[in-house]
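As structure tokens, the structure follows; a few thoughts come after it.
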Amino acid sequence: MKRIRKYFGIITTALALTTVAAAESEIQNVSQLVAADAVLLQNVDARTVKQGDTVKARLTESVHIAGDTKLPHNTLLIGHIDEVQPSGNDGISRVVLTFDRAQLVNGQQITIKSTIVGVYPDGTDENDLMHPSLNPDLKVYQEPSSRHGYALSSNVADSSSGTLSANGKDVHLKKQTELVFALAPVAGATFASAGK
């Protein structure tokens, strides 16, 4: 029995180290993190979305994520729902999102690492969008605001883009919700056709 526990401990440690190394190597160079503003292109409601559902946002400005890699205005950020938990009986609701691809207007796609660093209701003044100082250790916790009531937690080192939660109600992001991202290229990522 001790032997099994010993091997289990070794395997668990190895998996944890592998996961951390993969997350760290996923970004080519953390100094390449750039802030980007986008708008959500559909409603995300904890009562109706399912794990694996596609989510999309559109960049509202052009950004350069690495050297000559430009993501122009109107580039789509494409992702999926990793996890969803409706509030049920006024409990806690959660939606975990990952945006992992950028699709240019011409259809070309590139794999990206994205972290949501801000969530704001549609119509928020551009000057009120917070852009934190980007660094490899960045962890964000955005308190629920009176305008939308959802908390955001994210970490640049995590594989997901962020977790939205609400206490006593379902997370419901409306179409055109404004998102602020920290974006970076993924090591070895190249442009591909949208169909591939």
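FYI, it's all coordinate maths here, none of it is from the lab. On a predicted model such as this, the values are computed, not experimentally measured, just so you know. Here the Cβ positions follow ideal geometry from the backbone for every residue, glycine too, while neighbour counts run over all protein chains shown.
The modelled label-to-label distance between M130 and K174, using points 7 Å beyond Cα along the C-beta direction, is 2.2 nm. Compared with the alpha-carbon gap, the fully stretched path from K50 to D68 is longer by 2.8 nm at 0.36 nm per residue. Couplings for segment 41-54, taken from phi via the Karplus curve 6.51 cos²θ - 1.76 cosθ + 1.60 with θ = phi - 60°, read 9, 8, 5, 10, 10, 4, 7, 10, 6, 10, 4, x, 4, 7 Hz in order; Gly and Pro are left as x.
Take each peptide in 92-103, 66-77, count the other Cβ atoms within 10 Å of every residue, and average; sorted highest first, the result is 92-103, 66-77. Each label point was placed 7 Å from the Cα along the Cα-to-Cβ direction; for V39 and Q108 their separation is 2.6 nm.
Using θ = phi - 60° in the Karplus curve 6.51 cos²θ - 1.76 cosθ + 1.60, the 3J(HN,Hα) couplings for segment 105-117 round to 4, 7, x, 5, 10, 9, 6, 10, 10, 10, 10, 7, 10 Hz; x is entered for Gly and Pro. Bridgeable aspartates and glutamates around K70 (alpha carbons under 13 Å apart, same-chain partners fewer than 8 residues away excluded): E61.
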